[in-house]
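S.K.: Okay, here's the structure, questions in a sec.
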Amino acid sequence: MFDKVEIKVKGGRGGGGAISFRREKFVPFGGPDGGDGGDGGGVVIVADSSITSLRMFRQRGLYRAADGGDGKGKKKHGRRGEDLILPVPVGTVILKKVQISDDALIADLEQPGQQAVVANGGRGGLGNIHFVSSIDQAPQIAQKGESGEENLVILELRLIADVGIIGYPNVGKSTLLAAASAAKPKIAGYAFTTREPVLGVIEVGWRSFVLAEIPGLIDGAHLGRGLGHDFLRHIVRNKILIHLVDGSSASPVEDMIRVNTELNLFESALAHKPQLVVVNKIDLPQVQARLAEIKDAFGSIGINPFFISAATRKGISELMAGTLEMLQSVTVEAKAGMEIPKKVFHPQPRGKSPSVYKEGDTFVVVAPELERIVAKTGEASPEVWWQLKRRLVRLGVSKALKKAGVKVGDRIRCGNMEWEWK
Ligand SMILES: Nc1nc2c(ncn2[C@@H]2O[C@H](COP(=O)(O)OP(=O)(O)OP(=O)(O)O)[C@@H](O)[C@H]2O)c(=O)[nH]1
Ligand SMILES: [Mg+2]
């Protein structure tokens, strides 16, 4: 079962703002009319019930939305870049990969049509119309578009089964699943025969439900031992659990308590899911001999277990009927404690105030808004220089520079522009 992929997503770049002037006879600059660049497209993930696996995402590493169009003269705005829509199976959980801490959950697409934006497009740059002021009637500067947001995203398809069979390795989980459904899991007399969850459909009369074998639970599973976390996570979606214990074990009650402790340590809500306790292997003579003793042991802690033999199918149909009954009585949502937001955006922090630091003799200005400003005629033109300087004052950069101790003749750098303080 292939159910986890990592992909890189990138929003489209915003289009550049235009530097343009209305053409009028006898007027060299007939008023600025440069339109804004269009915003870049976003990358959007949508749950689609016609998609059944995440396999196709293995082919490509980067998914990029379209760039926004550049602004043009006559106040024409650039067109918006088209969003890139990526269809995924219903039940896909989206996580954003974060280097230092735990991966952040972006969304849980449980219903067809639910969607999440995993990378925003960059905003388009402003055209030169926006740079007009009482003293700058002919601004020869505009803004470049922002680059799109880039994220590493993990897509994970979580198993959706109504009922999970849990229990220590070798207790007969696969045998039970095979006896009750058409699933054909591997069965063998050693631990960890089943390495990935296996699903089967159970039919009781005209009703049906999905049953899954959850493998790999042992002491320390919550710490990643056995097959670890991966499968504990699958239980999150089960509405109820069949807790299978081996009747031939030294203490079936003890086994049950230990597995429940693991659930509790992984996530306490998992331990609160309704459970049907089932004692297996009652065909074995040594189990037959202590049936009453086992029944009493469970009875003393208020549990009335089912007794079955998965091998001979004894008690299976009663167990499945009981499971269906419990399933129908569970009205509460099965999402144990995991409060998952439907749709969350993680936009990059934008529009921070400018800051200045010194690199050798050069003052370096960090001001995203300013870095994106581009000049048509280059810095050589004194007119452009004055226009830029007035932006510096406006954005608070001059103040920050003076505070940092700038003197006439010092070099200043911002993005790829460099100039001398006059
Ligand atoms: N006598 C008897 N043996 C059983 C019964 N159910 C399962 N077994 C045996 O127990 C062993 C383990 O069975 P599995 O169904 O593979 O157990 P499991 O819990 O799926 O094991 P893992 O996938 O390894 O965790 C096999 O040798 C089965 O034949 C039963 O009802 N009676
Ligand atoms: Mg198994």
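S.K.: Do you know which of the residues in the stretch 244-298 that are among the small types (G, A, S) and touching a Leu at 6+ places or on another chain (Cβ under 8 Å) is nearest to E213 (Cα to Cα)?
M.R.: Going through the stretch 244-298, the residues among the small types (G, A, S) turn out to be 247-251, 268-269, 271, 289, 292, 297.
Within this subset, residues satisfying the condition of being touching a Leu at 6+ places or on another chain (Cβ under 8 Å) are 247-248, 271.
Numbers: G247: 19, S248: 20, A271: 17 Å.
Going through the qualifying residues, I end up with A271.
S.K.: Moving on to the next point. State all residues of the stretch 63-92 that are among the hydrophobic types (A, V, I, L, M, F, W, C) and touching a helix residue (DSSP H, G or I) at 6+ places or on another chain (Cβ under 9 Å); if no residue qualifies, say none. Reasoning before the result, please.
M.R.: To start, the set of residues in the stretch 63-92 that are among the hydrophobic types (A, V, I, L, M, F, W, C) comprises 65-66, 84-86, 88, 90.
Residues satisfying the conditions are L86, V88.
S.K.: Here are some conditions: (1) more than 30 Å from E213 (Cβ to Cβ); (2) surrounded by 22 or more Cβ atoms within 10 Å (Cβ to Cβ); (3) under 18 Å from the mean Cα position of the chain (by Cα). Q143 meets all but one. Which one does it not meet?
M.R.: (3)
S.K.: Here is a further query. Specify which of the listed residues (E203, E213, E254, E156) is out of contact with any helix residue (DSSP H, G or I) (no Cβ under 8 Å at 6 or more places or on another chain), surrounded by 17 or more Cβ atoms within 10 Å (Cβ to Cβ) and acidic (D, E). So that I can check it myself, show each step before the final result.
M.R.: Details: E203 fails: surrounded by 17 or more Cβ atoms within 10 Å (Cβ to Cβ); E213 fails: out of contact with any helix residue (DSSP H, G or I) (no Cβ under 8 Å at 6 or more places or on another chain); E254 fails: surrounded by 17 or more Cβ atoms within 10 Å (Cβ to Cβ).
Going through E203, E213, E254, E156 in turn, the sole match is E156.
S.K.: Now a separate question. I need the full set of residues from the stretch 140-188 which are touching a His at 6+ places or on another chain (Cβ under 6 Å) and basic (K, R), in order please.
M.R.: none
S.K.: Need at least 3 residues that are within 16 Å of ligand 2 (Cβ to nearest atom) and in contact (Cβ under 8 Å) with a residue 40 or more places away in the chain per element, so show me which strands (runs of 3 or more DSSP E) inside the stretch 160-253 make the cut, counting only ones lying wholly within it.
M.R.: Qualifying strands (runs of 3 or more DSSP E): 163-166, 207-213, 240-246.
S.K.: If you go through the stretch 281-303, how many residues are free of Cβ contacts under 8 Å to residues at least 24 places away in the same chain and open to solvent by 50 Å² or more (accessible area, probe 1.4 Å)?
M.R.: 9
S.K.: Same structure, new question: Among the candidates G220, G216, G247, G224, which residue alone is more than 9 Å from ligand 1 (Cβ to nearest atom) and either within 28 Å of E110 (Cβ to Cβ) or modelled with pLDDT of 85 or more (or both)?
M.R.: G224
S.K.: When the stretch 106-125 is examined, which residues are found to be more than 15 Å from G40 (Cβ to Cβ) and of a type in the set (A, V, I, L, M)?
M.R.: Once the filter is applied, which keeps residues that are more than 15 Å from G40 (Cβ to Cβ) and of a type in the set (A, V, I, L, M), the stretch 106-125 yields I106, A107, L109, A116.
S.K.: Condition first: part of a loop (DSSP other than H, G, I, E, B), open to solvent by 100 Å² or more (accessible area, probe 1.4 Å) and not polar (S, T, N, Q). Now tell me which residues in the stretch 50-87 satisfy that.
M.R.: R60, K74, K75, H77, R79, R80, E82
S.K.: Could you check how many residues of the stretch 88-119 are part of a loop (DSSP other than H, G, I, E, B) and open to solvent by less than 60 Å² (accessible area, probe 1.4 Å)? Give the derivation first.
M.R.: From the stretch 88-119, those part of a loop (DSSP other than H, G, I, E, B) are 89-91, 97-103, 110-114; that's our starting set.
Going one step further and asking which of them are open to solvent by less than 60 Å² (accessible area, probe 1.4 Å), we end up with 89-91, 98, 110, 113-114.
Residues that pass the stated criteria total 7.
S.K.: Yes or no: E267 acidic (D, E) and either within 16 Å of ligand 1 (Cβ to nearest atom) or closer than 19 Å to N170 by Cβ (or both)? Walk me through it before giving the result.
M.R.: Working: acidic (D, E): yes; either within 16 Å of ligand 1 (Cβ to nearest atom) or closer than 19 Å to N170 by Cβ (or both): no.
Judged against the criteria, E267 is not a match.
S.K.: When the stretch 147-200 is examined, which residues are found to be among the small types (G, A, S) and within 30 Å of G415 (Cβ to Cβ)?
M.R.: S147, G148
S.K.: If I go through the stretch 270-311 residue by residue, how many of them are within 16 Å of ligand 2 (Cβ to nearest atom) and either assigned to a loop (DSSP other than H, G, I, E, B) or more than 27 Å from D162 (Cβ to Cβ) (or both)?
M.R.: Of the stretch 270-311, the ones within 16 Å of ligand 2 (Cβ to nearest atom) are 278, 280-281, 308, 310-311.
So of that shortlist, the ones also either assigned to a loop (DSSP other than H, G, I, E, B) or more than 27 Å from D162 (Cβ to Cβ) (or both) come out as 281, 308, 310-311.
The total comes to 4.
S.K.: Related question: Among the residues that make up the stretch 20-41, is at least one of them surrounded by 17 or more Cβ atoms within 10 Å (Cβ to Cβ) and among the aliphatic types (A, V, I, L, M)?
M.R.: Of all residues in the stretch 20-41, those surrounded by 17 or more Cβ atoms within 10 Å (Cβ to Cβ) come to 20-21, 32-41.
From what's left, among the aliphatic types (A, V, I, L, M): none.
Taking every residue of the stretch 20-41 in turn, none turns out to be surrounded by 17 or more Cβ atoms within 10 Å (Cβ to Cβ) and among the aliphatic types (A, V, I, L, M).
The values are calculated or read from the model by the stated rules, or taken from the named source; none is laboratory data. Note that this is a predicted model, so its numbers are computed, not measured. Ideal geometry is used to build each Cβ from the backbone, glycine not excepted, and the neighbour counts take in all protein chains shown. What goes into the accessible areas is simple: the full protein's heavy atoms, side chains included, and nothing from ligands, DNA or RNA. Shrake-Rupley method; radii C 1.70, N 1.55, O 1.52, S 1.80 Å.
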